[in-house]
Each structure stands twice: as C-alpha cells, then as structure tokens.
1. Run the reach check for K286 against lysines, Cα to Cα strictly under 16 Å, same-chain hits fewer than 8 apart removed. What comes back?
2. Roughly how many percent of the accessible protein surface of the range 288-419 is carbon and sulfur, given a 1.4 Å probe and a whole-percent answer?
3. Let me check I've understood the local charge: for S319, count other residues with C-beta under 13 angstrom from its C-beta, Lys and Arg +1, Asp and Glu -1. What total comes out?
4. How much FRET efficiency would the formula 1/(1 + (r/R0)^6) give for I118 and F214, where r is the Cβ-Cβ distance and R0 is 30 Å, rounded to 0.05?
5. Amide H to amide H under 5 Å from K22: which residues, 5+ apart in sequence or cross-chain, H placed 1.01 Å off N in plane?
6. Hey, which lysines would be in cross-link range of K13, C-alpha to C-alpha under 21 Å, not counting anything within fewer than 8 residues on its own chain?
7. Determine, from the Cβ-Cβ distance of M478 and K450 and an R0 of 45 Å, the FRET efficiency 1/(1 + (r/R0)^6), rounded to the nearest 0.05.
8. Quick check: net charge around W447, other residues with Cβ under 15 Å of its Cβ, Lys/Arg +1 and Asp/Glu -1?
Amino acid sequence: MSQSAQPSQSYLKRPTEFTGVKSIPKPPIGAETFRGVLAWLGPAYIMAAMEIGSGELVFCAQAGARVGMILAWTILLSAIFKVTNNEFAVRYVMATGESPIMMYQRIHPVFCTFYWIIQLIVRHWMFWPAGAALTMAGIVIEGYGVKGVDPVIIGLALYAIILPLLLVAKRAYEVVEKACLIMVIAMFISMIIIGALVTTPERIAETFIGLFSFGVLPAGAADLAVRLLAWAFGGGPEESLKYGIYVREKGYGMASEVAKVARHSGREEEPVLIGWRPSTDPESLKNWRIWLRIAQTDLWAVYLPMGLLGSLIFMYAASWILRPAGLIPSGYKLAVVQAEFFRKFFGEFGAMVYLFLAMVVLWSTAVGNMDAYSRIVASSIRVNFPWFRKMSEYRLWASLVIIYFLLMIPAMVGIRQPELLLLIDIYLSVVLMALAFLVPFIANILWIPKEFRPHPIKFVILAAGIAFYAYFAALIFMGVARP
C-alpha cells in the first residue's frame with residue numbers, strides 16, 4: 001500500500017495527481033453470486049439504523065400530523081436524489097480508494113476547509129446533537145414524568161454515557177451498537193404493524209396521490225417541505241460523505257486496499273490520502289462490475305426501500321392517528337406526542353414501550369453520528385493540513401469525539417429549545433445540499449475514467465437534484481419557507 005504520492009505540503013496547492021495506476025482488486029471468492037452479494041452488504045444497514053432517529057421519527061410525523069400525506073412526494077424525490085448522489089460518491093471511493101473528502105480537496109483546499117467546517121462543525125456538531133439531546137430529555141421529562149431536573153443536564157448525561165463506550169470499552173460499544181440496531185428494527189416493525197392497523201383502501205390511495213403530487217405545496221406548508229427535503233430520507237448534505245466513509249471501511253473495490261480507521265494504534269499503517277487511478281484493463285473492468293453490483297444492491301435494494309418505507313410509515317401513522325386527534329409533535333414533545341401511535345391500540349403500557357423505543361432509536365442515532373462525523377472530520381483534517389499527518393487518524397477521531405460533546409453544550413444552554421436547534425440544522429442543510437450534490441457530479445467527470453462513471457441518465461437525475469435543492473434554498477433566502 002504505497003503512499004509515495006502525498007498531497008503537497010503547501011496547503012493552498014490542490015492535489016492533481018494520483019499515486020499511480022492500479023488494477024481494481026479481485027473481489028472475494030463467491031462475491032459474484034447472489035449469496036456472495038448478500039454477505040458483503042453492510043453500509044446500508046449502518047446508515048438506515050443511523051438515520052431513522054432524525055427526520056423519520058421527528059419531522060415525518062410532524063408533517064403527517066399537520067397536512068396528511070400530501071407532501072409524500074418530497075420524500076420520494078429526496079430518496080431518489082440522495083441515493084443517486086450517494087452512488088456518485090461511492091463510485092469515487094471504489095475507483096480511487098480515497099476518502100470522499102478528497103473530492104472536495106481536489107476542487108480546492110480552501111473550498112474543502114470551508115465546506116467541512118461550516119457543514120460538519122457549525123451545522124451538525126452544534127445544532128443537531130443539541131436538539132437530539134433535548135428531544136431525548138423531553139421523553140424523560142414529559143413522557144416518564146421526571147420533573148425538577150434541567151433538560152440540559154439530562155441531555156448531557158445521555159450523551160456522556162456514549163463517550164466511554166466509543167473511546168474505551170470496545171466490546172461494550174459493539175454490544176450497545178448491536179442492541180441499538182435491534183431496537184431500531186423493533187421500532188420499524190412495530191410502526192409497520194401500526195400502519196397496517198389503520199390502513200384502508202382509501203388511505204392507501206391518498207398515500208399514492210401524495211407520492212406523485214410533485215410540486216404541490218399546501219398553503220403555509222413550505223416550511224414542512226424544507227424539513228422533509230433535508231431529513232425525511234437519510235441525512236443532510238453530509239450523507240454521501242458518511243456513506244463513502246463506511247464503504248471505505250467495508251472495503252469495496254479499490255477501498256479493499258486501504259487500511260481501516262477504526263481502533264487504530266499509532267503504530268499501524270494509516271489510511272491512504274492519495275489513492276490510485278483505476279486501470280481499464282479487462283480484468284479490472286470485470287472485477288469492477290462485481291464490486292459495483294454489491295454496492296448498488298446495498299444502495300438501491302436495501303438502503304432506498306428501508307429509508308423510504310421508514311420515512312413514509314411515520315408520516316402515514318401520524319396522518320391517521322395524530323391528525324384526527326389534533327396532536328402535533330413540537331417543542332419538548334417532538335417524540336412524546338407520538339406515543340399515541342401505540343397508546344391507541346395498546347394502552348398506556350404500549351405508550352411507555354413506544355417512548356422507550358424512541359429513546360433508544362434517538363440514542364443509537366446519536367452514537368452513530370458521533371462516530372461517523374468524527375471520522376469524516378478526522379479524515380478532513382489529515383487531508384487539509386500536512387502538519388496533522390504525524391498524528392494517527394484514530395487519535396484524531398478520539399479527540400474529535402470529545403470535542404463533539406463539548407461543542408453542543410453552548411447551543412443547548414443558549415437556545416434550550418430542541419425543535420429550534422433541529423430547524424437551524426435543517427435550514428443550513430438545504431442551503432448546502434445543492435453544493436453537496438455538485439461535488440460528486442464534478443468528481444465523476446474529472447477524476448474517474450468513463451468506464452467507471454454512472455449511466456448518463458444518473459447524471460441527469462443528479463443535475464435535477466442540484467436544481468431542485470437550489471430552488472428550495474432560494475425559497476429560504478426569500479423568506480417563503482420559514483421555521
């Protein structure tokens with residue numbers, strides 16, 4: 001694993017070369033079979049478990065409670081655009097072995113630095129975790145009746161539990177991660193059952209009408225559309241970075257030649273900064289097709305349907321349970337009001353079960369994001385600043401996990417309102433989304449040979465996504481879509 005071609009020590013000079021030309025590695029034996037493909041799936045499971053606790057649980061339910069299913073089209077378009085964007089980023093990682101951050105660095109280091117600081121530190125590290133922490137605190141206070149304790153203290157305590165699990169107790173973290181995944185699946189299946197219990201042919205028809213009512217915005221609902229576009233399916237503009245990072249960790253394509261970040265000691269080989277230009281010889285193209293089949297199955301056959309159904313089911317249940325009762329999730333009761341999903345059919349015990357599942361889902365999302373965003377920023381710092389490369393990426397990651405915790409404190413103390421914190425994150429997300437789509441679009445044209453690029457139709461879809469999110473960013477700037 002040669003690292004002979006490193007980025008220039010001059011910060012302002014962008015990298016233009018690769019380490020060299022390298023053949024796409026041979027996939028594992030049996031990977032070309034259906035069973036082999038299934039054995040290599042994985043990033044989709046992590047991403048789905050990580051995302052269901054944000055837009056799906058919070059804002060899809062809020063939209064359903066306010067306007068029913070008429071905005072379901074925003075979820076469908078968001079799903080198509082975001083999964084297409086993820087594929088562009090994944091192709092870059094698979095073809096070069098580089099971190100997806102390098103797509104931004106190759107455009108220009110200043111652009112890369114601006115992007116990850118604004119998006120990952122200001123937007124996500126401060127506002128999203130603070131909002132999620134206070135939402136969980138709302139479950140403890142409003143749902144379980146723990147009065148007299150400051151919500152900020154509860155939120156910080158819940159996050160503080162995560163730190164030793166990430167930094168010290170490797171086995172404990174793995175156990176908690178698996179337990180959280182089981183709870184996410186339990187929530188998902190439970191919500192499908194609830195949805196089935198309230199289903200009628202007329203309600204299914206209304207759902208399909210909402211899915212294909214493209215461009216319909218009920219009066220006063222532009223703000224809801226923005227919330228759904230940002231979070232309803234998957235995450236915000238960092239989504240492709242997270243997916244690319246986990247594909248790199250999983251080892252698809254050229255990424256199978258790259259060292260892993262997780263649990264590195266200072267003595268182990270670091271992940272490459274500058275990757276390779278893929279060879280276009282027949283053997284490489286054959287290997288590429290196998291790897292691509294695995295990656296596309298992970299994205300389009302697992303992540304897309306899980307994320308789409310996960311988003312729609314919360315909106316659907318809220319449309320037929322919360323809306324008729326005049327209940328709208330808001331403030332500290334963003335998650336608490338949704339206990340009515342289970343209360344309607346299973347009484348108070350069911351409501352308590354739902355609140356427990358909601359807490360675990362939000363907490364598992366927090367664990368996943370604390371890990372994922374710290375990985376992204378650790379990679380960004382090593383890519384951007386040569387003087388940090390003597391420090392291992394693992395140690396950078398561990399330091400950033402602690403910083404992640406500290407940065408959200410001033411936002412929690414200063415604003416204290418969970419919904420407003422989440423909305424700040426959402427509006428910044430939509431403003432940055434078109435830019436996040438543009439970078440993988442450019443990267444696949446400039447730095448990936450044509451044999452490894454997506455089909456032209458996917459370029460058209462991604463271009464439509466850029467225009468789509470730019471339009472809603474304009475609505476925000478014009479004041480049409482307000483929190």
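The values are calculated or read from the model by the stated rules, or taken from the named source; none is laboratory data. All values reported here derive from a predicted model rather than from experimental measurement. All Cβ positions, even for glycine, are placed from backbone atoms using ideal geometry, and neighbour counts span all protein chains on display. Just the protein is used for accessible areas: all its heavy atoms, side chains included, with ligands, DNA and RNA removed. Shrake-Rupley method; radii C 1.70, N 1.55, O 1.52, S 1.80 Å.
1. K22, K26, K450
2. Working: 3200 of 4660 Å².
Solvent-exposed carbon and sulfur of the range 288-419 make up 69 percent of the total.
3. Within the 13 Å Cβ shell, the charges total 0.
4. On the way: r = 30 Å, r/R0 = 1.01.
That gives a FRET efficiency of 0.50.
5. Residues meeting the criterion, in which the H sits 1.01 Å from N, are R277, S279.
6. Answer for K13, where 21 Å is the Cα cut-off: K390, listed by chain and number.
7. Result of the calculation: an efficiency of 0.70.
8. Net of charged neighbours comes to +4.
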